[in-house]
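Worksheet: the structure to be examined is printed underneath.
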Amino acid sequence: MSEVMLNVSASPHVRAKVRTCHIMQMVIVALLPAAGYGIFHFGYRAALHILLTVAAAVIAEYLFEYFMHRPITTGDCSAVVTGLLLALNLPVAAPLWIGPLGSVFAIIVVKQLFGGLGQNFMNPALGARCFLLLSFAGHMTNFTYDTYSAATPLATLKETGEVLDLQAMITGNVAGTIGETSVIAILIGAVFLILMGVIDFRIPGSYLLSFAAFICVFGGRGFDVTYLSAQLAGGGLMLGAWFMATDYVTAPITKGGQYIYGVLLGILTGLFRLFGPSAEGVSYAIILGNLFVPLIEKITVPRPFGWEGKRK
Amino acid sequence: MKLFSFRGGIHPYDGKAMSKDLPIAEAKAGKELVYPLQQHIGAMAKPVVSKGDRVLVGQKIAEAQGFVSASIYATVSGNVRIIEPRRTVSGSMVDSIVIVNDEQYEEVEYPKRKPWEELNAEEILEYIREAGIVGMGGAAFPTHVKLSPKDPQAIQYVIANCSECEPYLTSDYRRLMEEPERIVLGLKIVLKLFPNATGLFGVEDNKMDAAVKLRALTQDDPRFKVCICKSKYPQGAERQLIKALTGRELNSTKLPADVGCIVLNVDTLYSITRAVCEGRPLLHRIVTVTGDAIEKPQNFAVRIGTSYEELVEQAGGFAKEPVRIVSGGPMMGNALPDLKVPVMKASSALLCMTRDETEQYSPTACIRCGRCLDACPEHLMPTNLAELALRWDREGFLKLNGMECIECGSCSYVCPAGRRLAHAIKAVRRTIIEERRR
């Protein structure tokens, strides 16, 4: 040590162990039950979708950064999360090229063109899903599986007003996208994320509660538990509320803002589901909600410690 | 039992086990002692000795200049070699008196004091000022200034800050364990200045044995209360401790006295006792020498002015190659390029680590996870402030209350992207403070 000059830098000189890549890895682990159930339920083709979509997302990120001479950030695993979320939002009958195409759109257009991780104003996976929904509506709403065509329980609910089989909706034995059908699998992942301190109840809680309230008031059925449960368990709501509304980058950073954001998503989802042309509404609600985030943050700047007694 | 606490903060690895049970050992002072003339907040002290003079232990070598300043005393006997700029822990060059130790430790005769009960407020303040006592928790604000609020009657709480929330530090804890009487007495003396005040000890719950000792010593006196705080960083920060113990909040535009509180560190109270009762100026302080690079961690009673090099040697040298050396705790201490700097009045520890975590976790993009907002004890938005700071957006920085930052470093600590948030905020904040001063 004698004559060597050591590095100096500003304090603090110690750091917590959790890194960005650990957070992303925890999200991936939390999505595994939903992905696993999707593969079990829809067969090997679901696995193919997941594999291709994730691979395309990672490769797109790598190539973009390589050719733009930017630092390669695939190691942070955020592209894997994006690819995985997108894959879980695809119907199993969709052609296999559709996932990779969505991944490229998500990574390059939604994420990298806006400055990469942390800079995108819209959830990349949802941005891509909406892009695919608008461009390939037929493929993206074809919920055929096991050679028989089935409408999603939510679509049936909207058309006929009938709740077919609530139990199946909760276990996931219904038509839908690969990862959205099983409420149980999604909740297992959500509990894991809450226990690991990755997410909390603020956004999903206010989202689901305000959505439920909206349905009770405007659903025309009052407080009908079966109907309400079907609305909560159906479609992309659970996956959206626990895994996409909670996306750090595109949700408000302030605590107060997170409640407002959750309530906004609940209202938008209710609006789209009850009064829109489609039975679904979660994806559009969240990406629309994303646009309000800067505004929400601006009005919810936390009051600093000891602010009441400000002198001068 | 309800623990006193505040919102925000972090729970870093505390590393105290390495040194908490080691009794305070007297450190040898070494050949050459260096006394920077600026060891405190306020005006630089002025030398009252010159090159070649022989000085004794306890002799004043630099006189306070003005009210907000503090005198400096020789801690060894010997000759003044030179007065020249020397590097201090902060990295800046400060005019310093250099004394060659003759190892005689010949002491001046300390003035006899009346029993403290018979002293009046002016005398107590004068003795504290004369002894050169400053806040020994780190800020080094002259204590007699702190103890001279506009209206002494309005002070309701005098708080002994026994929380020592910085990881690795055990200097205050050892002082509490070994000389609790002098600390309690110090607080009694201070309470004499503030007739309407209650004395509170804020002790973190990882130091229960110290709390038990304090309770035993104060149980007969209704003016004292020992409060157990949750062990959490930064519990020992002045505003957070006041909030935890009294529920009162203050911001950067206020002083603790504005909410009827005064906060004093353990070693400061100890030094007050010695100054007021024994006539001894501030000569020693406790320094924890620790970290995984140190062969035998120690709590040393150190003569101020001793080189850190000397302390490492007496702690058995390095067991492993140190990569990061810090004067003070890991959260708010100063990193040192080498050991050739002296112990000052507010130095609390020398931490030698075999890892440089700042270097190891190089910054990546902010993912807006909000962990820094949760950790900030001032309820700020550190990531946004750091962003504004990096763009040097002064207006935006002020608008987002950047001046409220207490520089505790909790935001940088929790950031999963390894961003140096506290560093960026500190840089702008200090520049603005500097500008305002002009």
message: For residue A:43, only one of the following conditions fails: (1) out of contact with any strand residue (DSSP E or B) (no Cβ under 6 Å at 6 or more places or on another chain); (2) buried (at least 17 other Cβ atoms within 10 Å of the Cβ); (3) in contact (Cβ under 8 Å) with a residue 24 or more places away in the chain. What is its number?
response: (2)
- prompt: Applying the selection to region A:264-312, what residues are aromatic (Phe, Trp, Tyr) and within 14 Å of chain B (Cβ to nearest Cβ)?
  reply: A:305, A:307
query: In region A:294-311, is there at least one residue being part of a helix (DSSP H, G or I) and within 18 Å of the chain's Cα centre (by Cα)?
result: no
- request: Working only within region B:358-377, note down all residues that are assigned to a loop (DSSP other than H, G, I, E, B), more than 24 Å from the chain's Cα centre (by Cα) and either of a type outside the set (Val, Ile, Thr) or more than 8 Å from chain A (Cβ to nearest Cβ) (or both).
  value: B:361, B:362, B:363, B:365, B:366, B:368, B:369, B:370
- request: State which residue is farthest from the other protein chains (Cβ to nearest Cβ) when the search covers only region A:221-247 and only residues that are in a loop (DSSP other than H, G, I, E, B) and in contact (Cβ under 8 Å) with a residue 40 or more places away in the chain.
  value: A:234
message: Consider region B:224-263. How many of its residues are free of Cβ contacts under 8 Å to residues at least 24 places away in the same chain and assigned to a loop (DSSP other than H, G, I, E, B)?
response: 6
field: Which listed residue is more than 14 Å from chain A (Cβ to nearest Cβ), at negative phi and part of a helix (DSSP H, G or I), from B:200, B:214
entry: B:214
From the options B:3, B:56, B:37, residue that is of a type outside the set (Gly, Ala, Ser), within 30 Å of residue B:205 (Cβ to Cβ) and more than 14 Å from chain A (Cβ to nearest Cβ): B:3
field: For residue B:389: the one exception among (1) within 11 Å of another protein chain (Cβ to nearest Cβ); (2) out of contact with any strand residue (DSSP E or B) (no Cβ under 8 Å at 6 or more places or on another chain); (3) hydrophobic (A, V, I, L, M, F, W, C)
entry: (1)
message: Under 6 Å between Cβ atoms, which residue pairs at least 6 apart in sequence (or on different chains) link something in region B:304-324 that is outside the structural domain of residue B:267 (by TED's automatic domain parsing) with a partner that is hydroxyl-bearing (Ser, Thr, Tyr)?
response: B:304/B:75; B:305/B:35; B:305/B:75; B:320/B:354; B:323/B:354
Only listed residue being surrounded by 21 or more Cβ atoms within 10 Å (Cβ to Cβ) and basic (Lys, Arg), chosen from B:254, B:320, B:225, B:232: B:232
- prompt: In region B:10-51, which residues are within 30 Å of residue B:375 (Cα to Cα) and β-branched (Val, Ile, Thr)?
  reply: B:10, B:41
- request: Could you check how many residues of region B:68-90 are touching a Pro at 6+ places or on another chain (Cβ under 8 Å) and touching a residue at least 60 places away in the same chain (Cβ under 8 Å)?
  value: 7
query: What are the residues in region B:277-295 that are among the acidic types (Asp, Glu) and part of a loop (DSSP other than H, G, I, E, B), if any?
result: B:292, B:295
statement: Filter region B:336-357 for residues that are buried (at least 23 other Cβ atoms within 10 Å of the Cβ) and β-branched (Val, Ile, Thr); the one that is nearest to the other protein chains (Cβ to nearest Cβ) is B:341
message: Checking the condition at pLDDT below 95, under 29 Å from residue A:297 (Cβ atoms) and more than 12 Å from the chain's Cα centre (by Cα), which residue from A:214, A:218, A:192 passes?
response: A:218
- line: residue B:148 passes all but one of the listed conditions (1) at positive phi; (2) surrounded by fewer than 18 Cβ atoms within 10 Å (Cβ to Cβ); (3) within 20 Å of the chain's Cα centre (by Cα); (4) not hydrophobic (A, V, I, L, M, F, W, C); the exception is number (1)
field: Restricting region A:72-100 to residues that are surrounded by 20 or more Cβ atoms within 10 Å (Cβ to Cβ) and not in a helix (DSSP H, G or I), the residue that is nearest to the other protein chains (Cβ to nearest Cβ)
entry: A:77
- request: Only residues that are under 17 Å from residue B:203 (Cβ atoms) and among the hydroxyl-bearing types (Ser, Thr, Tyr): list them for region B:259-300, please.
  value: B:268, B:270
Within region B:38-157, strands (runs of 3 or more DSSP E) holding 1 or more residues that are farther than 15 Å from residue B:282 by Cβ and of a type in the set (D, E, K, R): B:78-87, B:93-101
field: For residue B:3: the one exception among (1) of a type outside the set (Lys, Arg); (2) buried (at least 16 other Cβ atoms within 10 Å of the Cβ); (3) in contact with a Lys or Arg (Cβ under 6 Å, 6 or more places away or on another chain)
entry: (2)
statement: The number of residues in region A:101-137 that are within 14 Å of another protein chain (Cβ to nearest Cβ) and polar (S, T, N, Q) is 4
- request: Have a look at A:267, A:286 and point out the one that is under 16 Å from the mean Cα position of the chain (by Cα), assigned to a helix (DSSP H, G or I) and of a type in the set (Val, Ile, Thr).
  value: A:286
query: Can residue B:280 be described as away from every other protein chain (no Cβ under 14 Å), of a type outside the set (S, T, N, Q) and free of Cβ contacts under 8 Å to residues at least 12 places away in the same chain?
result: no
message: Of all residues being within 11 Å of chain A (Cβ to nearest Cβ) and of a type in the set (Ser, Thr, Tyr) in region B:393-438, which is surrounded by the fewest Cβ atoms within 10 Å (Cβ to Cβ)? Just the residue, please.
response: B:413
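The values are calculated or read from the model by the stated rules, or taken from the named source; none is laboratory data. Since we're looking at a predicted model, the values are computed, not measured. Cβ: placed from backbone, ideal geometry, glycine included. Neighbour counts: every protein chain shown.
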